[in-house]
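First the structure, in the form of structure tokens, and then the observations on it.
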Amino acid sequence: MGGTFDPIHNAHVGAACEALAQCQLDEVVFVPTGVPWQKEGRGVSDAEHRYAMTLLATQSHPRFRVSRVDIERRKPTYTADTLRDLDEEYGPGTELFFIAGADIAESVLSWKFIGEVFAQATFVLVNRPNAVLSTEHWPPAAKVVQVEMPALDISSTDCRRRAAAQRPLRYLVPESVGQYIASRGLYDHD
Ligand code: ATP
Ligand code: MG
């Protein structure tokens, strides 16, 4: 599951947990992005902060882990590269799934090397409030699984705005992530 995770929130871990169960996955690897090429407008928090928060949010789940492949790359992140790196790390015989929210279904087709991505992994698409899941323009060869979870109307954008306005993040992000944000004033100047 790739993401900016700025910050990681309860819908991210909730989606991962549901995908793990419904698709009978062995584990979920969270991959915080390095330099997110699609988010150049806004300054994204330092990768080490996003990595630390991802660790905090996932550490209590025995089947969650966090990978630094995209952070270490230090150049624009393409999902095809991420999947190739994970494939190399896990070795032959590993089946890869890419977990994402329904909102990415539209933009996926404009991703670089998307053909490669479709060949590398099965997409696991999770419902997300206000996002219409449409894969009708996807190539027939694309492998897609849909996973339903109790809809959580949480976004990192809203979490950052709340933090900046000193509004509570409790129950939107894991407790430890909330503490991390508060103690560093991570979004105070957003
Ligand atoms: P931002 O507001 O900064 O875009 P975000 O909440 O969308 O943040 P991302 O890091 O962009 O979080 O998303 C990582 C992945 O998690 C994406 O595939 C996204 O679709 C999915 N996702 C994020 N929030 C939800 C949610 N509330 N329900 C389902 N999937 C979600
Ligand atoms: Mg997003």
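The values are calculated or read from the model by the stated rules, or taken from the named source; none is laboratory data. Treat the numbers as computed from the prediction; the structure is a model and nothing was measured. Glycine gets a Cβ as well: all are built from the backbone with ideal geometry, and neighbour counts include every protein chain shown.
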Given (1) crowded, with 17+ Cβ neighbours inside 10 Å; (2) more than 16 Å from ligand 2 (Cβ to nearest atom); (3) over 28 Å from TYR90 (Cβ atoms), index of the condition ALA142 fails: (3)
Which numbered condition VAL108 fails, given (1) touching a helix residue (DSSP H, G or I) at 6+ places or on another chain (Cβ under 7 Å); (2) within 30 Å of GLY43 (Cα to Cα); (3) modelled with pLDDT of 95 or more; (4) surrounded by 18 or more Cβ atoms within 10 Å (Cβ to Cβ): (3)
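Would you point out which residue out of PHE113, PHE118 is aromatic (Phe, Trp, Tyr), out of contact with any Pro (no Cβ under 6 Å at 6 or more places or on another chain), modelled with pLDDT of 95 or more and surrounded by 18 or more Cβ atoms within 10 Å (Cβ to Cβ)?
Numbers: PHE113 fails: surrounded by 18 or more Cβ atoms within 10 Å (Cβ to Cβ).
Within the list PHE113, PHE118, the selection yields PHE118.
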Looking only at residues in the range 145-167 that are near ligand 1 (Cβ under 10 Å from one of its atoms) and of a type in the set (D, E, K, R), which one is farthest from ARG184 (Cα to Cα)? ASP153
Condition broken by VAL177, with the remaining ones in (1) touching a Leu at 6+ places or on another chain (Cβ under 6 Å); (2) at positive phi satisfied: (2)
Which residue pairs have Cβ atoms under 7 Å apart, sit 6 or more places apart or on different chains, and have a first residue in the range 108-128 that is without any contact (Cβ under 8 Å) to a residue 40 or more places away in the chain and a second that is acidic (Asp, Glu)? ASN127/GLU148
Given the options PHE30, PHE5, PHE64, PHE98, name the one that is free of Cβ contacts under 8 Å to residues at least 60 places away in the same chain, of a type in the set (A, V, I, L, M, F, W, C) and within 10 Å of ligand 1 (Cβ to nearest atom). PHE30
